[in-house]
Amino acid sequence: MKRTVTAALAQAARAFPDRTYAARKTDAGWLSFSYSEIHAMSRRFASWLLKSGLRKGDRVAVLAEGSPEWIVAEMGTLLAAGVSVPLSIQLMPEEIVFRMNHSGATVLAVGGAALEKALQAAPGIERPFTLVFLGEDGPALREALAPFPPERALALAECLDRGARDFPFDELARLEEEISEDDLVSISYTSGTTGNPKGVMLTHLNYYSNSQDAVRVFQIPPLEYQTLLVLPCDHAFAHTTGIFCSLLRGISLYFADMRGGRLGMIRSLPQSLQETSPVFLLTVPSLAASFRRKILRDIDRRGGIVRTLFYMGLRAGIRYHGDGWNRPRLRTRIRACVPYRLADRLVFSKIRALYGNRLKFFVGGGALMDVKLQEFFNALGMPVYQGYGLTEASPVVSTNSPRAHKFGSCGKILPGSSCEILNSGGYPAGIGEVGEICVRGPNVMKGYYRNEEATREVLKDGLLRTGDRGYVDEDRFLVVVGREKALLISPDGEKYSPEEIEEAMTIGSPMVHQILLYNDHRKYTSALVVLDQEAVRAAAAEKYLTDPEDILQEIRDSIFSFRRDPYYARRFPPQWLPATFRILEEAFSEENGMMNSTQKILRHRALEIHRDKIEGMYAEGGDSPLGEANLEAVRRIFRKTPDAAV
């Protein structure tokens, strides 16, 4: 079989014809589509595209929430030998305009959550394009699409109906035969945590090889796994490990219910987990941290014997498992076994049941994940197998797995790739020596679309210079420490990655919802902090604190509480720990442009927006976190309705 996505889809339709490939929630329940149905619908969409004049290599943008229709739009594009341009529904209209103009897309497939933005962007799109609505047709849609000529605005159902007439069997067969492993599948625009977006060109071989390596490493059996896909389809992590890996093993994808927007999805998540009983879940650090906060709040509210058993079992479970790779001494495991097993049976099992009773593990990606977070979920019997990757590598470079995992690491390099760590002199680094992570293999991108200069900067004789820093430890696990362009820099030029400290502070303090460290040749490090307002109010009520100065003192103590943890006290040099902080009342989010689709903070954007607050922390008196600016923020928080920062 050719190593192409289209060949994998055809093979899946033959091997798993009646197996659910994708499902979405409706008022009547879950609407499911089998592998053979998705294949047939995709061919009908490809037929319509060809009849509409699409030629090989033409681009079709998909701007929609995850759904079976999202898959049909992309797979139909590929079967017609086109190129997919997946876009985030969180983009602003002007950002949609840039990507449409840069990619030259002639079709824009839009979901209900992004229709209004697409219509706002339409006047700025230079090339004539056809809008395909992926939701339900009806009078409201027709009214919204009134400004478009009828032939340039259609519902997907209409496209499929037209595609089914005079079906071009011979042409589709010819195109499928001609599609090569080197042909493009997608132009995926990076959200850019440090700069402007670039269009990453990924081929059939890129995606196929990365998917094949991933399912082999996790030893996924055919026709047994299903998942609730919470992450957006436009991001490479969900794109590969969700949509494309499924083709190889008959995994069933249930898409999170986005009919009520992101907040609606969060509210419906517990019910969706119960209804879909996922075997695994894809997660990112911010989502995993949110799950952890909810679990701890529920346990603390229960109190009594449940709370005692939980924390006793959690400590015992962490001791019992050690770092996941190096087993603790037998004496340690024997002492921890009884309290751990008791808590597991009486408390942890009930927590796992909230996730549908079948959950075996999470797969983590998107950003660095603190070791404490990994230890927490592993002790609960829901391990997070953290990986590392980037869009330019399709995206998985390394991952922990059930066979080989070590907490605090990003796992072993995938078998089909190779990874080199280059030191500052450009030479291979030794074991434990930090340097730039460089990747070589069939998963490495073809380049950046219409950006030869940027391509030359990162691709050197097939070697991808990631710009990320890390090292390989003595057990051959990859440990990532951060991005080169996101480093803290001291006045004498010394550099340090902030991500691990930020994760430690977020996990270590129940009051910290988000944090961003800053130091660019300054005399000390500072931080922007978004508080978990519900946790702040609860702590104030528990200690009968009403004076803003007392509450702020409590907040400061909580934010810096991670310093008392021996693990972190040894891990971080004091000069990089924040000396002061400024409280933000608005969280970093996709809506305000300070976070990308996998919940990574866009550092350059956040620092630009909050430049005045940054400078205020280096002005006279700014080195104290107990100043008037933070006091006023506390006063305003306690005047608001009690909603946690989300």
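The values are calculated or read from the model by the stated rules, or taken from the named source; none is laboratory data. All of these numbers come straight from a predicted model, not from anything done at the bench. Don't worry about glycine lacking a Cβ; one is built from the backbone with ideal geometry, like all the others, and counts go over all protein chains shown.
Worth pointing out:
Results for (1) in contact with a strand residue (DSSP E or B) (Cβ under 6 Å, 6 or more places away or on another chain); (2) among the aliphatic types (A, V, I, L, M); (3) over 30 Å from P578 (Cα atoms), shown as yes or no for each residue.
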site: A454; (1), (2), (3): yes, yes, yes
site: L459; (1), (2), (3): no, yes, yes
site: A486; (1), (2), (3): no, yes, no
site: E500; (1), (2), (3): no, no, no
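- Note on segment 59-95: residues that are at pLDDT below 95 and either buried (at least 24 other Cβ atoms within 10 Å of the Cβ) or part of a helix (DSSP H, G or I) (or both) total 5.
- Among residues of segment 103-120, those that are within 21 Å of V185 (Cβ to Cβ) and of a type in the set (G, A, S), counted: 5
- Those residues of segment 478-496 which are part of a loop (DSSP other than H, G, I, E, B) and out of contact with any helix residue (DSSP H, G or I) (no Cβ under 7 Å at 6 or more places or on another chain), in sequence order: L487, P491, D492, G493, E494
- Extreme residue, farthest from P548 (Cα to Cα), among residues of segment 617-639 that are among the basic types (K, R) and part of a helix (DSSP H, G or I): R636
- Beta carbons closer than 7 Å, at least 6 apart along the sequence or on distinct chains, pair a first residue in segment 270-294 that is assigned to a helix (DSSP H, G or I) with a second that is surrounded by 20 or more Cβ atoms within 10 Å (Cβ to Cβ) and among the polar types (S, T, N, Q) for T276/Q226; S286/Q599; L287/Q599; A289/T506.
- Taking the criterion of being of a type in the set (S, T, Y), assigned to a helix (DSSP H, G or I) and more than 18 Å from C159 (Cβ to Cβ), the residues of segment 8-58 that qualify are Y35, S36.
- Among the residues of segment 387-406, the ones that are over 14 Å from the mean Cα position of the chain (by Cα), part of a loop (DSSP other than H, G, I, E, B), farther than 19 Å from Y471 by Cβ and not hydroxyl-bearing (S, T, Y) come to 2 in all.
- Residue selected from segment 505-525 under the condition part of a helix (DSSP H, G or I) and out of contact with any Asp or Glu (no Cβ under 6 Å at 6 or more places or on another chain), by the criterion surrounded by the most Cβ atoms within 10 Å (Cβ to Cβ): M505
- Filter pass, A153 being surrounded by fewer than 19 Cβ atoms within 10 Å (Cβ to Cβ), assigned by TED's automatic domain parsing to the domain that holds T26 and either under 16 Å from V60 (Cβ atoms) or not polar (S, T, N, Q) (or both): no
- Residues that are acidic (D, E), at pLDDT below 90 and touching a strand residue (DSSP E or B) at 6+ places or on another chain (Cβ under 7 Å) do not occur anywhere in segment 634-643.
- Sole residue being crowded, with 19+ Cβ neighbours inside 10 Å and among the polar types (S, T, N, Q), chosen from S268, S286: S286
- Helices (runs of 4 or more DSSP H) within segment 139-245 that include 3 or more residues in contact with a helix residue (DSSP H, G or I) (Cβ under 8 Å, 6 or more places away or on another chain): 156-164, 169-178, 204-217
- Looking at S424, S418, just one residue is small (G, A, S), within 26 Å of S188 (Cβ to Cβ), without any contact (Cβ under 8 Å) to a residue 40 or more places away in the chain and touching a Gly at 6+ places or on another chain (Cβ under 9 Å), and that residue is S418.
- Residue count for segment 96-128, restricted to those that are of a type outside the set (A, V, I, L, M), part of a loop (DSSP other than H, G, I, E, B) and buried (at least 20 other Cβ atoms within 10 Å of the Cβ): 2
- Inter-residue pairs, beta-carbon under 9 Å, first without any contact (Cβ under 8 Å) to a residue 40 or more places away in the chain and in segment 516-538, second assigned to a strand (DSSP E or B) and aliphatic (A, V, I, L, M), 6+ apart: D520/L488; D520/I489; H521/I489
- Test result for E453, of a type in the set (D, E, K, R) and surrounded by 14 or more Cβ atoms within 10 Å (Cβ to Cβ): no
- Of the residues making up segment 256-265, none is within 16 Å of the chain's Cα centre (by Cα), buried (at least 22 other Cβ atoms within 10 Å of the Cβ) and assigned to a strand (DSSP E or B).
- In segment 359-369, the condition of being among the hydrophobic types (A, V, I, L, M, F, W, C) and more than 18 Å from the chain's Cα centre (by Cα) is met by at least one residue.
- Within segment 582-601, residues that are at positive phi and touching a residue at least 12 places away in the same chain (Cβ under 8 Å) reach partners that are part of a loop (DSSP other than H, G, I, E, B) and β-branched (V, I, T) with beta carbons closer than 9 Å, at six or more positions or on different chains, in the pairs Q599/V284.
- D475 meets each of the listed conditions (1) touching a Lys or Arg at 6+ places or on another chain (Cβ under 8 Å); (2) assigned to a loop (DSSP other than H, G, I, E, B); (3) farther than 25 Å from G387 by Cα apart from (3).
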